[in-house]
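Q: Below you'll find the structure I mean.
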Amino acid sequence: MNGLVPGLKGSARTVVVQENTAAAVGSGALEVFSTPSMIALMEKAALESVQPFLEEGQGTVGIELDIAHLAATPLGMAVRAESELTAVEGRTLCFRVSAWAGEELIGQGTHKRCIVFNERFLAKALAKKG
């Protein structure tokens, strides 16, 4: 886990299209960037920033979010999510996250991810099926 130090930054980008609007994902009735899509973009920025520093066979899973969606973003606009690792607490990684449409801050908050061994995590999840 060398390199997993506070200050590590990540980013992810998308464009608002029909498939990621509130109307399409069922989180609202309007054709604007959905809150679930914004959160997924924030999570992507965080997970991709730390993945290169994990051991082979490890990954991260989201475990906590505290996010405010501050402004609507219409179809066709580009959206950028940014993450900054703020703390490493054992296997828990804490991030400050934000989302931007152009120069406008459209969302912000905090996010936590847990480092897992992918195969073991998936096996435990699949065991629930019986």
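Q: I'm checking my understanding of the structure. Among residues of segment 104-130 that are within 19 Å of Ile67 (Cα to Cα) and among the charged types (D, E, K, R), which one is surrounded by the fewest Cβ atoms within 10 Å (Cβ to Cβ)?
A: That would be Glu104.
Q: Give me a count of the residues in segment 72-97 that are under 22 Å from Val15 (Cα atoms) and either exposed (fewer than 13 other Cβ atoms within 10 Å of the Cβ) or β-branched (Val, Ile, Thr) (or both).
A: 6
Q: Need pairs with beta-carbon distance below 6 Å; first residue without any contact (Cβ under 8 Å) to a residue 40 or more places away in the chain and within segment 15-29, second in a helix (DSSP H, G or I); sequence gap 6+ or separate chains.
A: Asn20/Ser37; Ala24/Gln18; Val25/Pro36; Ser27/Thr35; Ser27/Pro36; Gly28/Ala22; Ala29/Ala23
Matching residues to (1) surrounded by 13 or more Cβ atoms within 10 Å (Cβ to Cβ); (2) farther than 17 Å from Ile67 by Cβ; (3) out of contact with any Ser or Thr (no Cβ under 7 Å at 6 or more places or on another chain):
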residue	(1), (2), (3)
Ser11	yes, no, yes
Val16	yes, yes, no
Glu19	no, yes, yes
Gly26	no, yes, yes
Phe33	yes, no, no
Pro36	yes, no, no
Lys44	yes, no, yes
Glu48	yes, yes, yes
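Q: While we're looking at this one, here's another question. Tell me, please, whether a residue that is surrounded by fewer than 17 Cβ atoms within 10 Å (Cβ to Cβ), of a type in the set (A, V, I, L, M), more than 16 Å from the chain's Cα centre (by Cα) and on the phi < 0 side of the Ramachandran plot can be found in segment 62-70.
A: Yes, some residue in segment 62-70 is surrounded by fewer than 17 Cβ atoms within 10 Å (Cβ to Cβ), of a type in the set (A, V, I, L, M), more than 16 Å from the chain's Cα centre (by Cα) and on the phi < 0 side of the Ramachandran plot.
The numbers here are math on the coordinates, done by the rules we state, and not lab data. Because the structure is a prediction, the values reported are computed rather than measured. With ideal geometry, Cβ positions are generated from the backbone for all residues, glycine too; neighbour counts draw on all protein chains shown.
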